[in-house]
Structure formats: structure tokens, C-alpha cells
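The values are calculated or read from the model by the stated rules, or taken from the named source; none is laboratory data. The structure displayed is predicted, hence computed values, not measured ones. Neighbour counts run over all protein chains shown; Cβ positions are idealised from the backbone, glycine included.
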Amino acid sequence: MPAFPDAAREAVADTRLRGNLAHATGTIRERRAAAVAELDDWDALRESGKQIKDHVLANLGHYLRRLEEKVTEAGGTVHWARDAAEANRIVADLVKATGESEVVKVKSMATQETGLNEALAEEGIAAYETDLAELIVQLGHDRPSHILVPAIHRNRSDIRDIFRREMPDAPEGLTDAPADLAEAARRHLRAKFLSAKVAVSGVNFAVADTGTLVVLESEGNGRMCLTLPETLISVMGVEKIVPSMRDLEVFLQLLPRSSTAERMNPYTSTWTGVHPGDGPRDFHLVLLDNGRTETLADEVGRQALRCIRCSACLNVCPVYERAGGHAYGSPYPGPIGAILSPQIRGIGSDVDASLPYASSLCGACFEACPVAIDIPEVLVHLRARAVEDGPRHPVERAAMTAAGWTLRSPARLALAQRLASASRRIVAPRGRIRRLPGPLNAWTETRDAPAPPAESFRAWWARTDGGRTEPRAPEDGTDDGTDGRTEEGQ
Amino acid sequence: MRVALFLTCVNDTMYPETGKAMVRLLRRLGHDVEFPAGQTCCGQMHLNTGYRTQAKHLVKGFAETFGGYDAVVTPSASCAAMIRDWHPRLAPRTSGLASRVHELTEFLVDVLGVTDVGAYYPHRVTYHPTCHSLRMLHVGDRPLRLLKEVRGIDLVDLPDAAECCGFGGTFALKNAEVSAAMCADKVAAVRETGAGTLCAADNSCLMHIGGALTRTRAGVRTVHLAEILASTEEAPA
């Protein structure tokens, strides 16, 4: 995976992609704001969501044991997976035990995280995504680029081309009309639902008190996966727990309004173990750790585990809007991905060390987050870890050390200012700098830099006793724009 | 009340006119400010780039320099937010001081209780509410209330004003392409207003947007809010 800035470069240059993303995120941003504004207790709901999740995280061991107990009582089987490989092994073995070689899937971020589809393919098992957007991504041999709208980077003519090329039962002369595309997908998927004996699902919430699992979705594909097959295998991150059914009341309001800007999502499915003659005969729950315990140990970073995968932070993020989802190098793009991926994967790789910097710290994500994750705080926290543990950046380190040394002493700062002032006629003969050397050239590629002024403020203050010995500062009105305020370039 | 001016390293070094405007403005309103010579930097650049140890040294230096003042006023919303939100976390003993630090518009409206500062600025102006003033400091409409009282001003709304300009400190270098794309959209919004002056309460964001404005020969100048508020008919900015 390339580091974020390298991966983002391509997306930024793709004006059509940028246009699509700006349009899509802009629309959903406005709709979401309206849906949230309808509730006069949104702030209280947000605080409740935050506190319920924090309570669960602080007592995770207790709630996980309770969940295991209740799921088992209800006739399900619980499996514990330390990491991605272990989770994939468990699922593959369960599928093989049924004698089947095909599974249907309802959108699951946890299995994207573990790379389950690829792992199953190696065992000769085909996994079919049934969420429309996931299907588009899968048929296009592509990666998802948004938590909620994984194919947000595709437009409808792309989708028609993918269907024509990759969907064996696509109708002749398929057009790019949304209704035709949806109908083609519906027919294709219906055949899969009716023949599949095994399903793999994700989990939005797991209720510890009852062993009940909950999936929220919009298309009905989830309900088909959860009810038709004989064997159901659900994979969830260990942090997805809520203590009781009553707690769902909070999240069933927070999640749809934050994600799809709906008052209620179209399908909310709950299931508890197995019931003779109704739904799957065999149910397995895989509890995935994969770096979550380590994340939990980090006092600042653990708040990322409150995330309910609503994607509100992506839709308000100006960086996501320009860079697209693929640049984040994981199934979790956008601001939440920038803090989650380096924590669950560790900060050792180039991409993970670059993710905490993939933000201007504008704070829009924190404002939008329905469980009040202070994403900017975690980003700054992880940047300190990246400097300590990540790949070395000797030039940056030298620059920061030199700047720190200069700024620790007013005398040294004053000297640096005098040197800058003395150089102004050389570095910026026309009052602004059009090219800076070395890494600073990244600035002047597209922006002028201001020329240093003839005199720093502190020098002026010392010379004029704070302006008292000088009725008007000499530069007032006569400055030739050397403070970067010139109107016209030459 | 002993009031200290914390000008910030960027303003001191690159934008001395903002500091001079602060001094003129506050004196005109009947208040004096001191400029403690020991001041340097609030530590934001180091903290936000991940150099926490360096930042801590600067935070402690800030507390030593300003500890004795009743109020500290600064022309940077971003640095004010750094001091208020982060200084107590990096050096817990500084929390008493952090609450006495005010960004300029907060100081004028909340501490001094004025919105009409007697300014005159006969130009078409649009205001960019920087992210830190908006979402960390929550200055709300204070800057606009001050600007609306300026004589002769033609204040026009900036489209998508709350969108980040893409500066973000070292973000502008580390993610230069994304930063430039964000800036290009901000510049387009500024041009759409037809304003000849773009104003904000943070020179760092203005340096970024202003650099793209001069590069594209947009004919729009960038001015810190303090300079507009300091401007009078007798001594126009």
C-alpha cells in the first residue's frame, strides 16, 4: 500500500472522480443535517451513545462472556478469533463442514478487514456479495471506497459496463438507467439467495443480555441472507456490543440519521440463536479481536472503538472528498479510517504511518460523529506515536528540531527574524516567493509564499517602544506588499 | 487589568502589521497592552506534527512568560485554541492561565464588551471563518458582529464558508496536492463573491489562501480582521 499522499495524488488529479465525490458527499451532508435537525434531543442521544459504548468498552470482558453465554443458550456456537487469519480459518472450516462451495454475504466490514473473500477463494469457496454496491465492487475486481456507499467512486455507466462484462446472466442490451441496473442485480442475486445453503453476515450490534444480533440495511438482501440459508455465520468485531435491548433505542436513531439521513433504516433484522422450522438450522458467531484489545489499552485512541460505522465523518471530510476512499488503504476510509487502521494494524507501514497526517484537523468529523469520537484529538495523539515508532523522516526531524531550538529562545527567534528580513530583497525581489527550496517546494508548486517583512513585530516594538516614539510605523501605507498582500502579480 | 499581547511566532515574524493594528485598536479603545519579550510560540506546529516533547518545552515557556497577566489577547484563533485545549493537557499546571487567553474577537466582545470599535473600511469584504475559530474556539458570530459595525464596509457572504481552506499547518506540505485542491475551491468561492478583500482571524490560513490568490492573479487582497478593525478614516489600512 502506498502512503496516503502518494495514493491521493491520482484521485486529486481525476477531476471526474472529484466531481462525483463532491456531488455525492455534498448531497448526503445536506440531507443528514436536515435529518439530525429534526430531533431536539440529538445532543443528548449523542452523549448517550458515547456513554453506552464507553461503558461497554470499560467492561468488555464481562459483556463478551455474557454474550457468549446467551448465544450458546439460544443454540448458537461462539468462536473466538485473535486475528484476521484465525477468523478466516474458522469461517472456511465451518463452510467446508457443510460440504458447500458457495456462500452469500451481507455487507460486513469485519470480513473486508480480514480479507475473508480472498481467503475463502483459496479454499475453493466462492463468496457472493449481495449488497448492491458491494456486488458492483466485487464484480469490478475493485476495492470499496466508502463505508456506506462502497461503490461511490463508480458512476452508472461504469456499473453498466461492469455488469455487461462480469455478470453472466445480465440481460441483453442492458442500459445505464438506475431501474434497469437494479433489476439486473435483483435477478442475479435472487438466484444466489435461493440456491445458497450458507450465509456470512456482519453485525451492527450484539445485545449481551439476550444474545441477539442486529443488522441494519436498506435493500432487503440482509434479510434474505439471514433467513434463507441453512447455516449462518456472523462475524463481528468484539466492540460491537450493547448491554441490553433498551440501548438499541439510542443507536437505532443515531445510526440511520447519521448514515443515510433516514429517520429509520428500511430493514432492521434481529436474530437470537436458532429456532426449529424458522431460519437457519445452524448459527455461528465469530468474535474478532484483530488489534482491538491493543487499541483498547490506549487511553486516547480507544475512543475509535465507539465507532458505529455510519460514515458521517467521511461525508463531511474535505480531505476524503478530494482524495477518495482508496487512498486510505483499508476498508475503513476517511477520518475514522485514519485513526482506526493505524491502531488495529499498528503504525509500522508507510501507509499506516501516513494516515494520522491525512487530515487538516478542521474538526468537521468530530462535529458530525454521532458517538462524539474526538477524531482530531486521536489524530494528533497518533502523530506523536508515528514520530516515535513510525518510519524515520530525517529531513522533517531535523527541521522540527531546528525550529524547536530556535523557538525555545526569544533571542534566537529574533536572530532568525533578522536573517529573514535581511534576505528579503534576494529571496523575494517582487514581494513574494514563487519557489522555495527542498521539501518546501510542495508549498510553492501552487501557492506563493509571503516575503519576510523589513522588520519583525518584536524588532519594531523594541525600536519604537511599542510605537510610542513613532506616531506611525514607517511601513504603514508605504509597504510595497511585502507582507504578502500584493494584488497583482508581475 | 494587565493585558499582554501574544502575537504568535507567525504574526511576529511574517505579519507585523497585524500586531501593530492590535496595538492601535486596543489603545484607541482606551486599553494598553504589553508585549512580553520572552514570548515565542504556542507549540502548535510541533504538537500537530507529532513532536510532543518540543511542544511541551514551548508550552512551559509560554506559561513562564504570560503567567503574571490578567488577560492575554492574541490575533490567532488557531493558537488560542491550542492554548485553551492542549496546554492544560501537556502541562496541567498551566490550566489557570489557559482560561485567561482570548482570541481578539472574544476579547473585544466578551471581555471589553464592544462590537462597534469605531472602524472605517470602505471596501467590499468577505469573511472566512477559519476551522479552529469555528469548531475549536466556537467564536460564533463575534467576528461578523464586529465587521457589521465597520463604517463604509460592504460585507458579503462567502459561499461554503465553513469549509476548510486546506492549510492545516504542515498538512499543506505533507499532503500538498489535497491541500491545493481544497485551496482551489476556497479561492473559487472567494472570487464568486466579487470582494476585493478576504478577511479572517488567522494569518496562517490567509497566507495559504492569499498565496493561491496572488499566484492566480485574482486581484483579491488578504487582510487580518485586526487590520480592518484598526482602520479609521484618519488612518486607513
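Values as computed for the structure displayed
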item: Hits in the range A:445-470 - residues which are among the charged types (D, E, K, R) and at the interface with chain B (Cβ under 7 Å from one of its Cβ atoms); result: A:Glu445, A:Arg447, A:Asp448, A:Glu455, A:Arg458
item: Selection count, the range B:108-124, where residues are more than 15 Å from B:Pro236 (Cα to Cα) and surrounded by 23 or more Cβ atoms within 10 Å (Cβ to Cβ); result: 1
item: Failed item in (1) aliphatic (A, V, I, L, M); (2) part of a helix (DSSP H, G or I); (3) buried (at least 24 other Cβ atoms within 10 Å of the Cβ), with B:Val72 passing the rest; result: (2)
item: Every residue from the range A:187-227 that is part of a helix (DSSP H, G or I) and in contact with a Leu (Cβ under 9 Å, 6 or more places away or on another chain); result: A:His188, A:Leu189, A:Phe193, A:Leu194, A:Asn221, A:Gly222, A:Met224, A:Cys225, A:Leu226
item: Scope the range B:135-168; condition within 12 Å of chain A (Cβ to nearest Cβ), buried (at least 22 other Cβ atoms within 10 Å of the Cβ) and among the aliphatic types (A, V, I, L, M); matching residues; result: B:Met136, B:Leu137
item: Subset of the range B:169-187 that is over 17 Å from A:Arg18 (Cα atoms) and within 7 Å of chain A (Cβ to nearest Cβ) - its residue that is farthest from the chain's Cα centre (by Cα); result: B:Lys174
item: Meets criteria (buried (at least 20 other Cβ atoms within 10 Å of the Cβ) and either without any contact (Cβ under 8 Å) to a residue 60 or more places away in the chain or not in a strand (DSSP E or B) (or both)) for A:Leu287; result: no
item: Residue count for the range B:169-197, restricted to those that are at pLDDT below 95 and on the phi > 0 side of the Ramachandran plot; result: 1
item: Residues of the range A:303-317 that turn out to be in contact with a Lys or Arg (Cβ under 8 Å, 6 or more places away or on another chain) and of a type outside the set (Val, Ile, Thr), as a count; result: 4
item: Lone unmet requirement of (1) part of a loop (DSSP other than H, G, I, E, B); (2) out of contact with any Cys (no Cβ under 6 Å at 6 or more places or on another chain); (3) modelled with pLDDT of 95 or more for B:Ser78; result: (1)
item: Residue that is surrounded by the fewest Cβ atoms within 10 Å (Cβ to Cβ), among those in the range B:1-45 that are in a helix (DSSP H, G or I), within 16 Å of the chain's Cα centre (by Cα) and more than 9 Å from chain A (Cβ to nearest Cβ); result: B:Val10
item: Output for the range A:352-367, where each listed residue is surrounded by fewer than 24 Cβ atoms within 10 Å (Cβ to Cβ) and either touching a Cys at 6+ places or on another chain (Cβ under 6 Å) or modelled with pLDDT under 95 (or both); result: A:Gly363
item: Some residue of the range A:137-153 being buried (at least 23 other Cβ atoms within 10 Å of the Cβ), of a type in the set (Asp, Glu) and under 26 Å from the mean Cα position of the chain (by Cα); result: no
item: Segments classed as helices (runs of 4 or more DSSP H), wholly inside the range A:373-447, with at least 3 members that are of a type outside the set (Val, Ile, Thr) and in contact (Cβ under 8 Å) with a residue 40 or more places away in the chain; result: A:375-389, A:410-422
